[in-house]
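Peer 1: Input: one structure, supplied below.
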């Protein structure tokens, strides 16, 4: 049983150049990333060894590499890239990723615009709302 064990990474801030509008690619803007890594923490909780969990420093480095790397047009694309790399690189069962674009070029008053995705390891049956 997996329970509800999760490692949260919240409010990771990056200045990057993603977006559809030319000025986004030239001027850049602030992005924030929240990530939830679903993994059983029982073994690490008993052993007190980082090798029995996901090293969140390495997860941060992976996210930073994507956020600061080659610009993409869509947050959706960026989220898919990051989620896929996390699942391929770490022993987590599933990942929830939200990328915030608080200064998106939208004519209006808003606090934040974001994209959120949930992805899981191939063959897993873990995500909320999924038929079992």
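Peer 1: Using a Gaussian network model of the chain with C-alpha springs under 10 Å, which one of 93, 111, 119 is most mobile by mean-square fluctuation?
Peer 2: So, out of 93, 111, 119, the one fluctuating most is 111.
Peer 1: Compute the FRET efficiency between residue 5 and residue 115 as 1/(1 + (r/R0)^6), taking r as their Cβ-Cβ distance and R0 = 30 Å, and round to the nearest 0.05.
Peer 2: The pair residue 5/residue 115 has a calculated efficiency of 0.75.
Peer 1: Under a point spin-label approximation (7 Å from Cα along Cα-to-Cβ), what is the residue 64-residue 34 distance to one decimal in nm?
Peer 2: Roughly 2.2 nm, to one decimal.
Peer 1: Need the full-extension length gain, residue 49 to residue 81, defined as separation in residues times 0.36 nm minus the C-alpha distance. One decimal, nm.
Peer 2: Extra length from residue 49 to residue 81 when fully extended: 8.7 nm.
Peer 1: So, one more: For a quick protection proxy, order the peptides 101-108, 80-87, 44-51, 25-32 by their average other-Cβ count within 10 Å, most packed first.
Peer 2: Ranking, from highest mean packing down: 80-87, 25-32, 101-108, 44-51.
Values in this text are rule-based calculations from the coordinates and carry no lab data. Keep in mind it's a predicted model, so treat the numbers as computed, not measured. Counting neighbours? That spans all protein chains shown, and the Cβs are built from the backbone with ideal geometry, glycine included.
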